[in-house]
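*Asks:* Have a look at the structure that comes next, please.
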């Protein structure tokens, strides 16, 4: 994983990933200064190394002499182009504009604000200097999209009318005779203050629009059978659960990958981490979902079958609990209270796959990074209602009166099976956790709290069985913080 950490632990900002040949190129903001756009490269899409910075703020008096914000990178007939957000010192951060830079090799960039750039927010469709109830204008996060041979820019903007806290929209401009012309918003849901980092993808003749929402720090999506809309929502419009943000989609051969950063503690001004990518899928009802990245196979070291897992230890020694281990099936039973059935993980970085079956009522789930006292991460599985939740749970030595840690980190939903069986895939990679159920990701997050070396399952008044299970040992991350390479 990649944090871009320097003086602060949360210096990585909004991201853009572009793949050229076998190399992934990551461009990202530097928070809080916003004074340059950083550049890193990767051969596997997971581990990154820094290279020369892509773009810097302008010289005093230029339109972008204050800050650089979110960017988008794409090919064009002359090489590569980057549309990016800029702010000017004279405007005191109130006005955001969109400009452009070009490159022949993705390493050396030159600002080229031809056409009629930089582009600014204005009526009649968007807020302007005379219609600015918040006293600052949202006009940022450009995303170039080609449709029927025409070039469009999508961006985070504010509709010119509506309740002040609900004017957020996905703005649109079209390139007409070498001039960017503002058009009516592609999406105006009357719901959010802003829709950040929008992007659009066409899959199976349907358009999917993705945006990040500050109100609850989630990534949502909308769909339409026509590019111009109207864009609608399914009964569940959350693509990525809470804490995941600034998602962008890239084409990787036949795969569509989703990259984003993760807010630790689900707080905007806290540590940000770039987790591994996910793949975008569409089900038979046309709904988007995420599945595990195909590139994990490039990092496989070895495999351990269930029969060769380490010895299972009932940590709490609950007298109302028991277990039965055979070569092809492990069964755990606690008639009253909790019991944790843990074993030493064969590696720090792994993928654990298998079949989990709730054979009775009660609660059950996974434990990760567990120590001998039962401190660690608990993934609670509700097999009846299709609800999953990960929390950190354990002893807190820093508060005498509340000497426990019980923090819900993220929740997800899945389609519960009538037989209460699930096929799971649980990834632990450094401090990144990912849980898939029946091929769909339901949890994806980063947390640095616990360091225990045990994993396993827990039972609370339930009968739980594990079968067809193996642990795939992964090569460890190169480094938690980005290594550097001064070359291009």
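*Asks:* Under the rule a/c < 1.5 gives rounded, and otherwise a/b versus b/c splits prolate from oblate, where does the stretch 219-258 land using the Cα gyration tensor? Present the calculation step by step, with values, prior to reporting the outcome.
*Replies:* On the way: a/c = 2.35, a/b = 1.13, b/c = 2.07.
Taking the square roots of the gyration eigenvalues as a ≥ b ≥ c, the stretch 219-258 is oblate.
*Asks:* Can you compute the modelled spin-label distance between residue 190 and residue 22, with each label point 7 Å from Cα toward Cβ, in nm?
*Replies:* 5.4
*Asks:* Mean separation of Cα pairs under 8 Å and 6+ residues apart, divided by the residue count of the stretch 300-474: what relative contact order is that in percent? Let's see the in-between values first.
*Replies:* Working: 463 pairs, mean separation 63.9, N = 175.
Answer for the stretch 300-474 is 37 percent.
*Asks:* What percentages, rounded to whole numbers, describe P(r) for the stretch 353-455 computed over all alpha carbon pairs with 10 Å bin width beginning at zero?
*Replies:* Binned Cα distances yield the sequence 14, 46, 30, 9, 1.
*Asks:* Taking neighbour Cβ counts within 10 Å as the exposure measure, how do 103, 165, 467 sort from fewest upward?
*Replies:* 165, 467, 103
*Asks:* To continue, here is another question. For labels at residue 165 and residue 35 in the simple 7 Å Cα→Cβ model, what's the distance in nm?
*Replies:* Those two pseudo-labels are separated by 3.6 nm.
*Asks:* Give me the orientation-averaged projected area of the Cα convex hull of the stretch 106-210, in nm², one decimal. Display every interim value, and only then the final one.
*Replies:* Working: hull surface 32.2 nm².
Across all orientations, the stretch 106-210 yields a mean hull projection of 8.0 nm².
*Asks:* How big is the stretch 147-200 by Rg and Dmax over its Cα atoms, in Å?
*Replies:* 11.9, 36
*Asks:* Which value in Å is the Kirkwood Rh of the stretch 300-474 over different Cα pairs?
*Replies:* Working: mean 1/r = 0.0618 Å⁻¹.
After inverting the mean inverse Cα-Cα distance, the result is 16.2 Å.
*Asks:* From Cα pairs below 8 angstrom and at least 6 apart in sequence, can you work out the relative contact order of the chain, rounded to a whole percent? All intermediate terms of the calculation are to be shown ahead of the outcome.
*Replies:* Working: 1325 pairs, mean separation 63.4, N = 488.
Relative contact order, the chain: 13 percent.
*Asks:* Same structure again: Using the Cα atoms of the chain to build a convex hull, what is its mean projected area in square nanometres? Mind dumping the intermediate values first?
*Replies:* On the way: hull surface 98.9 nm².
Quarter of the Cα hull surface area: 24.7 nm².
*Asks:* Under the rule a/c < 1.5 gives rounded, and otherwise a/b versus b/c splits prolate from oblate, where does the stretch 12-292 land using the Cα gyration tensor?
*Replies:* Details: a/c = 1.28, a/b = 1.04, b/c = 1.23.
Rounded shape, in that the Cα axes give a/c under 1.5.
*Asks:* Report the normalised scattering of the stretch 250-367 as log10 I(q)/I(0) at q = 0.12, 0.15, 0.18, 0.22 Å⁻¹, calculated by the Debye formula with identical scatterers on the alpha carbons.
*Replies:* Scattering profile of the stretch 250-367, log10 relative to I(0): -0.74, -1.01, -1.11, -1.21.
*Asks:* Give the distance, in whole Å, between the Cα centre of the stretch 187-246 and the Cα centre of the stretch 5-80.
*Replies:* Centre-to-centre distance over Cα atoms comes out at 24 Å.
*Asks:* Now, a different point. Give the share of C-alpha pairs in each 10 angstrom bin for the stretch 408-454, from 0 to the last occupied bin, in whole percents, shortest bins first.
*Replies:* Histogram of Cα-Cα distances, whole percents per bin: 23, 48, 25, 4.
*Asks:* A follow-up question, please. First check a/c for the stretch 261-322, with a ≥ b ≥ c the square roots of the eigenvalues of its C-alpha gyration tensor; if it is under 1.5, answer rounded, and if not, answer prolate when a/b is larger than b/c or oblate otherwise. Mind dumping the intermediate values first?
*Replies:* Working: a/c = 1.89, a/b = 1.47, b/c = 1.28.
It is prolate, given that a/c is not under 1.5 and a/b is the larger ratio.
*Asks:* Once label points are set 7 Å from the Cα along Cα→Cβ at both residue 92 and residue 65, what is their separation, rounded to one decimal in nm?
*Replies:* 1.7
*Asks:* Over the stretch 12-292, what is the relative contact order in percent, taking alpha-carbon pairs closer than 8 angstrom and at least six residues apart?
*Replies:* Values: 727 pairs, mean separation 31.0, N = 281.
Value for the stretch 12-292: 11 percent.
Bear in mind that the values in this text are calculations on the coordinates, not laboratory data. Keep in mind the model is a prediction, meaning the values are calculated, not measured. Counting neighbours? That spans all protein chains shown, and the Cβs are built from the backbone with ideal geometry, glycine included.
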